[in-house]
Amino acid sequence: MQALIAAVVETLQASIGSIDYWHNGDKQECTRSEIKKALMLSDLPELKAKRERIAVGIMKLAKTRHWGLLGGPACEAALEDERA
């Protein structure tokens, strides 16, 4: 399970930093596809069966935690400043 989580986080970190990522449906679909592949390779049948729903949920969370995924606390602080 840890390997799966690491693979998903790595996929997100490699993709969401590109310019206008959250406005580019093709890039998002590519990332979602990579996440679904990782879920299919897991040993858990529940993850395989619900891979689409899980991938969509992961993408929503990634959008919310965009800066945290890309750079840790300093980027998270920048996000908080944007919200203020």
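The values are calculated or read from the model by the stated rules, or taken from the named source; none is laboratory data. The model shown is predicted, which means the values in this text are computed figures rather than measured ones. Because the Cβ atoms are built from the backbone with ideal geometry, glycine has one as well, and the counts that use them run over all protein chains shown.
If the condition is being small (Gly, Ala, Ser), part of a helix (DSSP H, G or I) and surrounded by 13 or more Cβ atoms within 10 Å (Cβ to Cβ), then segment 40-66 contributes 55, 62.
Give the residue that is nearest to residue 70 (Cα to Cα), with candidates limited to residues of segment 1-17 that are within 13 Å of the chain's Cα centre (by Cα) and exposed (fewer than 12 other Cβ atoms within 10 Å of the Cβ). Walk me through it before giving the result.
Initial filter on segment 1-17 (within 13 Å of the chain's Cα centre (by Cα)): 4-17.
Going one step further and asking which of them are exposed (fewer than 12 other Cβ atoms within 10 Å of the Cβ), we end up with 5-6, 14.
Numbers: 5: 16, 6: 14, 14: 9 Å.
Filtering segment 1-17 for residues that are within 13 Å of the chain's Cα centre (by Cα) and exposed (fewer than 12 other Cβ atoms within 10 Å of the Cβ), the one nearest to residue 70 (Cα to Cα) comes out as 14.
Which number in (1) modelled with pLDDT of 95 or more; (2) outside any helix (DSSP H, G or I) marks the one condition that residue 17 misses? Unmet for residue 17, out of (1) modelled with pLDDT of 95 or more; (2) outside any helix (DSSP H, G or I): (1).
Do we have residue 37 as of a type outside the set (A, V, I, L, M, F, W, C) and either exposed (fewer than 11 other Cβ atoms within 10 Å of the Cβ) or at pLDDT below 95 (or both) here?
Working: of a type outside the set (A, V, I, L, M, F, W, C): yes; either exposed (fewer than 11 other Cβ atoms within 10 Å of the Cβ) or at pLDDT below 95 (or both): no.
No: the conditions fail for residue 37.
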